[in-house]
Amino acid sequence: MPPPAIQMTGIDKRFGAVHANNAVSMTVEKGTVHGLIGENGAGKSTLMSILYGFYAADSGTIAINGKPSLIRTPADAIHSGIGMVHQHFMLVETFTVVENVMLGAEGGVFTARGASAVRAKLRALSHAYGMDVNPDAVVCELAVGELQRVEILKALVKGADILILDEPTAVLTPGEVDTLFVLLRRLADEGKTIIIVTHKLKEIMAVTDRVSVMRRGAMVGTVETRNTSPADLAELMVGRRVMLTVEKGPANPQGVVLDVKDLTVRDARGTVRLDHATFQVRAGEIVGIAGVSGNGQSELLETIAGIRKPAGGTISLNGTMLDCGGGDDPTALRARGLRHVPEDRHRMGLVKQFEAAESAILGCSDEPGFGAGPFLDRDAVLADCIRKMASFDVRPADPTLRTALFSGGNQQKIVLAREIERDPRLLLIGQPTRGVDIGAIEFIHKRIIALRDAGKAVLLVSTELDEVLALSDRVLVMCGGKITGERRPEDTNEQDMGLLMAGVSSDAPKVAA
Amino acid sequence: MSAKTAPVWLTAGVVPLVNVAVAFLAAGLVVALIGENPVEALQIMLRGALGSQYGLGYTLYYTTSFIFTGLAVAVAFHAGHFNIGGEGQALMGGLGAALVALSLPFLPWPLLLPLCVLGAAAAGAAWVFIPAYLQAHRGSHIVITTIMFNFLAATLLVYLLVGPMKMAGSMAPETARFVPAATLPLMNQMAAWFALTITRTPLNLSFIFAILAAVFVWVLIWRTRLGYAIRTVGANPDAAVYAGISPRRITVIALLISGGLAGLMATNEILGVQGRLINEFTAGAGFVGIAVALMGRCHPFGIVLAAMLFGVLYQGGAELAFDKPKITREMIIVIQGFVILFAGALEMMFADRIAALYARLTGKVVAA
Ligand SMILES: Nc1ncnc2c1ncn2[C@@H]1O[C@H](COP(=O)(O)OP(=O)(O)OP(=O)(O)O)[C@@H](O)[C@H]1O
Ligand SMILES: [Mg+2]
């Protein structure tokens, strides 16, 4: 038997008081797809960053293909045949695919030779693994799934035998996920070794050979995927049994809270992004919006939240017509009880350079509770953050830590805590569980349902079809900026939804709202 | 991954000190190259700047101007903008102070003096309003517009000082003297109120204003809702929009505050020392403010320290040029240039290495 592709032994890493990796050992066999799972902040990204040379471990050793290797920088890692695909793609948007792949291997003053060499390699690789990517496409025009393929190709062109993918599916559509998994299997069959970090147990079951589980900085076990089940994995991760399904009683909808009529939005170029959307959300119900990302959901949420100006149509909140793009800016809307969890927490939901406590008052900094008159009372802000961190189990519960230093899931919890704890009448919530671990998903789902049961209106946008179907009382499907259908979750299935999401009208009966 | 931290005392204390030391080393080399003794030169500089009441008075007098212009750059920087128009805004601050002083000479000093100070701040703020508005609403780059406004301010002042505002009968481009009620007392005069005698230097009450301004900026940026909004806009404008903070409004407000602080620099030179409006009185203080803000990491405390360093360089440099004919004024500018280079522009050059050393010594892994 060949030596394992990766053998990490006794890896230890501390960040100040946080013990991110505690004597972690992990073995990955050659030619396999190996899953790495664990709660938010368990130390997965840290472990992978050590393997890729971003961080130096405090102690511990790494052997690649049986050979002890000193990996201090990403260059060392690439040299050892390790490639990494980041969740946030590291591509130059205005470059073509070839130019991006060529970065770092331009081959001299003139780029023509490097370019043709890269082009040849790209062609060979695309052919070998069935990845069709147009080498001359400009990166900013590619879809997310294609971007990811470019990242993978970039690693392969550099000679990677071992590929690390950190939460690769978080931004992909279901179809793109399937394509990716086919590709990963194929790479593994060709002898490449793949490590995939994810929070989605379904994907672990679908694509991996073995899976390692981390909890609070320690490795708690490695199991053969075929000998385990999602429930067992969840228990290993969290240390208790986790509800993998959402439990909720029937909804008891009351009066209309949000009334959207013929809402139309154009982007800066004048392209119609939202086309005459009409719907209502009542108090005490969760209305979900399903759809492939980029079909107008973001525009819908942002317009209702007062961030975008509509080109036409009306929005009423609690029976009052809003002055969209005028007096009803996000501040005024918050005063009317609208809260908003934005889809992209890094772009909008947080200020990464701020301490957590400061990010936790984004949009609420004018509330009287945070200080007298023009002043901000730092003690009050910190105390408020500590409270929120406790109620949402944010780890580490340190309000003075910089926002950027929290793991992805914990950042999301900070945003959710900020918006949900403020007792909204209408909650707009985009991608509530993106990058969040299953324990936290269970918790977040419970909080959303509790909000509904307390008579609040919830408008939920998620590209996770399972999530939309599990949480919503009614589901609207969007495609190409239009609402293409409405279903009750109990009256539909994935196939029906898939057709609606693709804009193909389906003959299933429309349910009365 | 830039998400790494080293302790504050390291990044804000040791790193700048090392940078300054390297700057002096480089400057020392140049001094040695022209055949002077660098150690002696450094001694002369330090003694000249700090070794006597006279030297210290001048040092703090220069420091005063640099604190104002450094704070001005810092406030704009927190909102994500690079206001390099401190020079022009300070000139206009002088004009504002002079207009008040010359047009209301009959007022008693408790009224006239505060009005003159306000006039300086208001004129500095007014001068940045058009660049600020264009940046906020038209996206015209503030760096370009404020440079242009520096030229405009300089020419406007020349025009006024050789024309409408020129003192009748004078050959120099300057206004008439202000009434005493419109001027700030010198530090030695104030000391005399308390029966203390100190050497007469240009150091005046505006030094206290500068320290108060630093405290004001600290409170503003880190302890007020407006400061929070300013930092949000500077760090992540999308998050600001989401939060209901208007980046346009905040941009204009932050730049007005910035311009006001730059305008206050005129209280030192015009209200404190000259007692009349003269041409080119800023003498580059607006630009030194950029280096001061960079070196002070846009923190008021750091800015006060950095301003003092530049005060020492200015005053000590003047003494050095006086003592050592071989070391000309231009040489002094070279030395100042080294400080700006190592402490401002190259501030990160040693930061990583120092952090790595620290990590080795403490067993923790950090990077600046
Ligand atoms: N540079 C850093 N400085 C300080 N603490 C850090 C740093 N990077 C990570 N941490 C902390 O180390 C712990 C492990 O973080 P890591 O990012 O590895 O978690 P993760 O398992 O990838 O979580 P997630 O699933 O949320 O992405 C967290 O508590 C995090 O806050
Ligand atoms: Mg992670």
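The values are calculated or read from the model by the stated rules, or taken from the named source; none is laboratory data. Here the structure is a predicted model, which is why all the values come from computation and not from measurement. Note: ideal-geometry Cβ built from the backbone for every residue, glycine included; neighbour counts use all protein chains shown.
Restrict the check to segment A:347-370 and report whether at least one residue is within 16 Å of ligand 2 (Cβ to nearest atom) and under 20 Å from the mean Cα position of the chain (by Cα).
So in segment A:347-370, the residues within 16 Å of ligand 2 (Cβ to nearest atom) come out as A:350, A:352.
Still in the running and under 20 Å from the mean Cα position of the chain (by Cα): A:350, A:352.
Yes, segment A:347-370 contains a residue that is within 16 Å of ligand 2 (Cβ to nearest atom) and under 20 Å from the mean Cα position of the chain (by Cα).
Which residues, counting only those in segment A:296-321, are in contact with a helix residue (DSSP H, G or I) (Cβ under 8 Å, 6 or more places away or on another chain) and away from chain B (no Cβ under 14 Å)? Lay out the reasoning, then the answer.
As a first pass, look at segment A:296-321 and keep what is in contact with a helix residue (DSSP H, G or I) (Cβ under 8 Å, 6 or more places away or on another chain): A:305-310, A:315, A:317.
Those that are in contact with a helix residue (DSSP H, G or I) (Cβ under 8 Å, 6 or more places away or on another chain) and away from chain B (no Cβ under 14 Å): A:PRO310, A:ILE315, A:LEU317.
For segment A:59-98, the set of residues classified as among the β-branched types (Val, Ile, Thr), away from ligand 1 (no atom under 16 Å from the Cβ) and assigned to a strand (DSSP E or B) consists of A:THR61, A:ILE62, A:ILE64, A:ILE82, A:THR96, listed by residue number. Counting only residues that are more than 16 Å from ligand 2 (Cβ to nearest atom) and either assigned by TED's automatic domain parsing to the domain that holds A:VAL292 or not in a helix (DSSP H, G or I) (or both), segment A:137-180 holds 12 of them. Do you know which of the residues in segment A:333-371 that are under 24 Å from B:HIS78 (Cβ atoms), among the hydrophobic types (A, V, I, L, M, F, W, C) and part of a helix (DSSP H, G or I) is farthest from the other protein chains (Cβ to nearest Cβ)? Residue satisfying both the conditions and the ranking: A:ALA356. Could we say that A:GLY435 is of a type outside the set (A, V, I, L, M, F, W, C) and within 14 Å of chain B (Cβ to nearest Cβ) here? No: the conditions fail for A:GLY435. Considering (1) buried (at least 21 other Cβ atoms within 10 Å of the Cβ); (2) within 14 Å of chain A (Cβ to nearest Cβ), say which one B:ALA235 fails and leave the rest. If we test B:ALA235 against (1) buried (at least 21 other Cβ atoms within 10 Å of the Cβ); (2) within 14 Å of chain A (Cβ to nearest Cβ), just (1) comes out false. How many residues, within segment A:24-55, are more than 13 Å from ligand 2 (Cβ to nearest atom), small (Gly, Ala, Ser) and either under 22 Å from A:VAL220 (Cα atoms) or out of contact with any helix residue (DSSP H, G or I) (no Cβ under 8 Å at 6 or more places or on another chain) (or both)? Looking only at that region, the number is 2. Please work out if A:ILE62 is in contact (Cβ under 8 Å) with a residue 24 or more places away in the chain and either more than 22 Å from the chain's Cα centre (by Cα) or away from ligand 2 (no atom under 12 Å from the Cβ) (or both). The answer is yes for A:ILE62. Of all residues in segment A:257-298, those that are surrounded by 16 or more Cβ atoms within 10 Å (Cβ to Cβ), not small (Gly, Ala, Ser) and not in a loop (DSSP other than H, G, I, E, B) total 20. Please go through segment A:126-145 and give me each residue that is of a type outside the set (Val, Ile, Thr) and either within 16 Å of A:PHE181 (Cβ to Cβ) or in contact with a Phe, Trp or Tyr (Cβ under 6 Å, 6 or more places away or on another chain) (or both), ordered by number. Those that are of a type outside the set (Val, Ile, Thr) and either within 16 Å of A:PHE181 (Cβ to Cβ) or in contact with a Phe, Trp or Tyr (Cβ under 6 Å, 6 or more places away or on another chain) (or both): A:TYR129, A:GLY130, A:MET131, A:GLY145.
Quick check on this structure: which one of A:PRO68, A:PRO74 is away from ligand 2 (no atom under 16 Å from the Cβ), over 27 Å from A:VAL182 (Cβ atoms) and more than 29 Å from the chain's Cα centre (by Cα)?
Details: A:PRO74 fails: more than 29 Å from the chain's Cα centre (by Cα).
That would be A:PRO68, the only listed residue that is away from ligand 2 (no atom under 16 Å from the Cβ), over 27 Å from A:VAL182 (Cβ atoms) and more than 29 Å from the chain's Cα centre (by Cα).
Residue under question is A:ILE361, and the condition is that it be in contact with a helix residue (DSSP H, G or I) (Cβ under 9 Å, 6 or more places away or on another chain), outside the structural domain of A:GLY455 (by TED's automatic domain parsing) and either polar (S, T, N, Q) or surrounded by 15 or more Cβ atoms within 10 Å (Cβ to Cβ) (or both); does it hold? Considered against the rule, which asks whether it is in contact with a helix residue (DSSP H, G or I) (Cβ under 9 Å, 6 or more places away or on another chain), outside the structural domain of A:GLY455 (by TED's automatic domain parsing) and either polar (S, T, N, Q) or surrounded by 15 or more Cβ atoms within 10 Å (Cβ to Cβ) (or both), A:ILE361 comes out as yes. In the same structural domain as A:THR492 (by TED's automatic domain parsing), away from ligand 1 (no atom under 16 Å from the Cβ) and not in a helix (DSSP H, G or I): does that describe A:LEU451? So A:LEU451 fails the test. Restricting attention to segment A:126-136, the residues that are assigned to a loop (DSSP other than H, G, I, E, B) and either surrounded by 12 or more Cβ atoms within 10 Å (Cβ to Cβ) or modelled with pLDDT under 80 (or both) total 6. So which residues in segment A:146-184 are over 21 Å from the mean Cα position of the chain (by Cα) and touching a residue at least 60 places away in the same chain (Cβ under 8 Å), if there are any at all? Result: A:LYS154, A:ALA155, A:LEU156, A:LYS158, A:GLY159, A:ALA160, A:ASP161, A:ILE162. Highlighted here are the helices (runs of 4 or more DSSP H) found entirely within segment B:201-251 that include at least 1 residues which are closer than 15 Å to A:THR331 by Cα: B:225-235, B:237-243.
Any idea which residue in segment A:472-513 is modelled with the lowest pLDDT, counting only those that are within 24 Å of the chain's Cα centre (by Cα) and acidic (Asp, Glu)? Checked segment A:472-513; the qualifying residue modelled with the lowest pLDDT is A:GLU494.
Looking only at segment A:411-432, decide whether some residue is in a loop (DSSP other than H, G, I, E, B), within 16 Å of ligand 1 (Cβ to nearest atom) and assigned by TED's automatic domain parsing to the domain that holds A:LEU301.
Initially, segment A:411-432 is screened for residues in a loop (DSSP other than H, G, I, E, B), giving A:421-425, A:431-432.
Now narrow it down to the ones that are within 16 Å of ligand 1 (Cβ to nearest atom): A:431-432.
Add one more test, that the residue is assigned by TED's automatic domain parsing to the domain that holds A:LEU301, and what stays is A:431-432.
For segment A:411-432, residues in a loop (DSSP other than H, G, I, E, B), within 16 Å of ligand 1 (Cβ to nearest atom) and assigned by TED's automatic domain parsing to the domain that holds A:LEU301: present.
Within segment A:391-410, take every residue that is in a helix (DSSP H, G or I) and hydroxyl-bearing (Ser, Thr, Tyr) and give me the one that is nearest to ligand 2 (Cβ to nearest atom). That would be A:THR403. Of the numbered criteria (1) of a type in the set (Phe, Trp, Tyr); (2) touching a helix residue (DSSP H, G or I) at 6+ places or on another chain (Cβ under 7 Å); (3) assigned to a helix (DSSP H, G or I), the one B:TYR54 fails is (2). For segment A:165-212, the candidate set comprises residues that are at pLDDT below 95, among the charged types (D, E, K, R) and away from ligand 1 (no atom under 16 Å from the Cβ); within that set, the residue that is nearest to A:GLY43 (Cα to Cα) is A:LYS202.
Hey, any hits in segment A:363-385 for a residue that's within 16 Å of ligand 1 (Cβ to nearest atom) and in contact with a Lys or Arg (Cβ under 7 Å, 6 or more places away or on another chain)? Before you say what the answer is, go through the steps one by one.
Keep residues of segment A:363-385 that are within 16 Å of ligand 1 (Cβ to nearest atom), which gives A:385.
Pick out the ones that are also in contact with a Lys or Arg (Cβ under 7 Å, 6 or more places away or on another chain) and you get none.
Checked segment A:363-385: no residue is within 16 Å of ligand 1 (Cβ to nearest atom) and in contact with a Lys or Arg (Cβ under 7 Å, 6 or more places away or on another chain).
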